[in-house]
Amino acid sequence: KDTMVDVDIKPKPLPPHWYECYIQPCVAELLGSALFIFIGCLSVVEDVEGTGRLQPALAHGLALGLTIAILGDI
């Protein structure tokens with residue numbers, strides 16, 4: 001008997017490059033922290049009467065949301 005078996009052989013995925021394992025997460029952390037701190041400090045530089053704690057809180061929240069949206073997949 002001549003039987004033929006159709007086998008799907010899937011190649012192994014390549015291991016991630018050393019840049020993706022070590023450098024890219026460090027750069028993402030550096031950029032995210034710098035953006036968070038920079039935006040947070042800029043939000044309180046000009047302290048206008050009546051803004052209270054809302055302006056720095058919103059600035060930090062928006063900076064954190066932006067950082068997660070941009071760098072979250074890393």
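The values are calculated or read from the model by the stated rules, or taken from the named source; none is laboratory data. These figures come from a predicted structure and were not determined experimentally. Don't worry about glycine lacking a Cβ; one is built from the backbone with ideal geometry, like all the others, and counts go over all protein chains shown. In case anyone asks, the SASA skips ligands and DNA or RNA and just uses the protein heavy atoms, side chains included. Shrake-Rupley method; radii C 1.70, N 1.55, O 1.52, S 1.80 Å.
Taking the condition of being of a type in the set (S, T, N, Q), open to solvent by 50 Å² or more (accessible area, probe 1.4 Å) and under 23 Å from the mean Cα position of the chain (by Cα), how many residues in the range 40-69 meet it? So the count comes out to 0. Modelled with pLDDT of 85 or more and in contact with a helix residue (DSSP H, G or I) (Cβ under 7 Å, 6 or more places away or on another chain): does that describe residue 57? Taking the combined requirement at face value, the residue does not satisfy it.
Close contacts from the range 49-65, counting a first residue that is more than 15 Å from residue 38 (Cβ to Cβ) and a second that is surrounded by 12 or more Cβ atoms within 10 Å (Cβ to Cβ), with Cβ to Cβ under 8 Å and a gap of 6+ residues or different chains, come to 55/43; 55/44; 58/43. Within the range 34-56, which residues are assigned to a loop (DSSP other than H, G, I, E, B) and not small (Gly, Ala, Ser)? Passing the criteria: 44, 45, 46, 47, 48, 49, 51, 53. Beta carbons closer than 7 Å, at least 6 apart along the sequence or on distinct chains, pair a first residue in the range 25-43 that is in contact (Cβ under 8 Å) with a residue 40 or more places away in the chain and under 11 Å from residue 67 (Cβ atoms) with a second that is open to solvent by less than 50 Å² (accessible area, probe 1.4 Å) and part of a helix (DSSP H, G or I) for 28/71; 31/71.
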